[in-house]
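Let me begin by presenting the structure, written as structure tokens, before commenting on it.
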Amino acid sequence: MIAYIVCEGVSDVKLLQCILPKELLNGVEIVAAGGLSAIKSLSRSLLVRRQVPVAIVADADSVAPDLVQERLSSIEELVESVAVDTPVKVILAIPSIDVIFFRTVSYCLGC
């Protein structure tokens, strides 16, 4: 395994598998953590035990820039505290961009 993408749920895994190019997913495992608090815990465990890069993809659950930045910072601080020299990236999906993917999601969930 060269990297992990940790997201909230199974539908998020399916979405990412559909929209990310297959050649970029070689050696990358996309895992559903089961919620935001579980994302933090699982990401920290992967960083400590496996010492491989982790990308965290989660819903921002807000469109307010201050709240989005606060959520991003709190996740980054908590997870990066155990990362040492292992790369970590937190990516928050702001609800307004869900519309762009709606057609792709409904088509891809059957793939």
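The values are calculated or read from the model by the stated rules, or taken from the named source; none is laboratory data. Computed from a prediction, not measured in an experiment: that's the story for all the values here. Quick reminder, even Gly has a Cβ in these numbers, built from the backbone with ideal geometry, and neighbours come from all protein chains shown. Only protein heavy atoms, including side chains, enter the accessible area calculation; ligands, DNA and RNA are left aside. Shrake-Rupley method; radii C 1.70, N 1.55, O 1.52, S 1.80 Å.
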Helical mean residue ellipticity (222 nm; -39500 (n - 2.57) per DSSP H run of 4+; nearest 500) of the chain: -14500 deg cm²/dmol
Between LEU72 and ALA38, the two model label points (7 Å from Cα along the beta-carbon direction) sit apart by a distance in nm of 2.6
So for CYS7, CYS18, what's the accessible-area order with a 1.4 Å probe, most first? CYS18, CYS7
Determine which aspartates and glutamates satisfy two conditions relative to LYS22: a Cα distance under 20 Å, and not lying fewer than 8 residues away in the same chain. ASP12
Lys and Arg at +1, Asp and Glu at -1: neighbours of ILE75 with Cβ under 11 Å from its Cβ sum to 0
Where a ≥ b ≥ c are root eigenvalues of the Cα gyration tensor, a/c under 1.5 meaning rounded, otherwise prolate if a/b exceeds b/c and oblate otherwise, the range 1-59 counts as oblate
Which of (1) 12.7, 40; (2) 14.0, 40; (3) 13.8, 42 is the computed Rg and Dmax of the Cα atoms in Å? It is (2)
Leaving ligands, DNA and RNA out of it, report the carbon-plus-sulfur percent of the accessible area of the chain at a 1.4 Å probe. 57
How much length is gained if the chain between LEU20 and LYS89 is pulled fully straight, taking 0.36 nm per residue apart and subtracting their Cα-Cα distance, in nm to one decimal? 23.2 nm
Among 80-87, 8-15, how do they line up by average Cβ neighbours within 10 Å per residue, starting with the highest? 8-15, 80-87
